[in-house]
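For reference, the structure discussed in these notes is given below.
The values are calculated or read from the model by the stated rules, or taken from the named source; none is laboratory data. Predicted model, so just to flag it, every value in this text is computed and none were measured. All Cβ positions, even for glycine, are placed from backbone atoms using ideal geometry, and neighbour counts span all protein chains on display. Side chains are part of the model used for accessible areas, which takes the heavy atoms of the whole protein and leaves out ligands, DNA and RNA. Shrake-Rupley method; radii C 1.70, N 1.55, O 1.52, S 1.80 Å.
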Amino acid sequence: MKVAIASDHGGVNIREEIKSLMDEMGIQYDDFGCECDTSVDYPDFALPVAQKVANGEYDRGILICGTGIGMSIAANKVNGIRCALVHDVFSAKATRQHNDSNMLAMGERVIGPGLAREIALAWLETEFEGGRHANRIGKISDYEKSK
Ligand code: RB5
């Protein structure tokens with residue numbers, strides 16, 4: 001699995017935590033910034049990473065900002081992206097099993113690095129269940145294609 005990760009200035013610490021988790025897991029990843037102490041705009045990071053996941057360059061994407069909300073809103077504008085904003089381990093597993101989410105967003109002003117690590121671990125390890133859930137995702141893809 002190849003993962004693209006990015007954050008704005010509000011998510012730098014969790015981004016580093018998740019990179020160290022992926023190092024331990026032996027997961028290949030690339031870090032797309034930000035290289036920042038100062039304020040940056042989350043769409044400038046969410047959209048390029050989402051496009052890289054949507055075009056198949058990366059299998060999954062992880063985005064962190066202050067709340068995770070801006071990153072998830074922006075990423076979900078890209079066709080083919082199912083970005084889940086997650087702040088608990090149950091939802092991390094469920095969104096992989098049921099939604100086949102290909103991107104994960106978290107907020108560093110909402111949760112700490114320890115919980116973020118547990119969430120990312122569950123999200124990276126959990127497989128999609130397919131079946132009736134694939135049918136439901138198909139309805140979202142059909143809608144995207146019809147636009
Ligand atoms: C930045 O101040 C903050 O708005 C951003 O990190 C994020 O929370 C937006 O949704």
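Here are some residues: I81, I69. Which one is open to solvent by 20 Å² or more (accessible area, probe 1.4 Å) and either within 13 Å of the ligand (Cβ to nearest atom) or within 17 Å of F128 (Cα to Cα) (or both)?
Of the residues listed, the single one that is open to solvent by 20 Å² or more (accessible area, probe 1.4 Å) and either within 13 Å of the ligand (Cβ to nearest atom) or within 17 Å of F128 (Cα to Cα) (or both) is I69.
Go through segment 17-47 and report how many residues are open to solvent by less than 80 Å² (accessible area, probe 1.4 Å), touching a residue at least 24 places away in the same chain (Cβ under 8 Å), at negative phi and more than 12 Å from the ligand (Cβ to nearest atom).
Of the residues in that region, 11 qualify.
Inspect segment 119-133 for any residue being part of a helix (DSSP H, G or I), within 26 Å of C36 (Cα to Cα) and over 13 Å from the mean Cα position of the chain (by Cα) and give the result as yes or no.
no
Restricting to segment 2-11, name every residue that is open to solvent by 40 Å² or more (accessible area, probe 1.4 Å) and within 16 Å of the ligand (Cβ to nearest atom).
Once the filter is applied, which keeps residues that are open to solvent by 40 Å² or more (accessible area, probe 1.4 Å) and within 16 Å of the ligand (Cβ to nearest atom), segment 2-11 yields only H9.
Just to be sure I understand the filter: pairs with C-beta atoms under 7 Å, separated by 6 or more residues or on different chains, first member in segment 88-99 and touching a residue at least 24 places away in the same chain (Cβ under 8 Å), second member open to solvent by 70 Å² or more (accessible area, probe 1.4 Å) and part of a loop (DSSP other than H, G, I, E, B). Which pairs pass?
R96/E127; Q97/E129; H98/E129
Given N135, N102, which one is more than 16 Å from the ligand (Cβ to nearest atom), touching a residue at least 12 places away in the same chain (Cβ under 8 Å) and of a type outside the set (V, I, T)?
N102
Go through (1) within 16 Å of the ligand (Cβ to nearest atom); (2) aliphatic (A, V, I, L, M); (3) in a helix (DSSP H, G or I) one by one and return the number of the condition A94 breaks.
(1)
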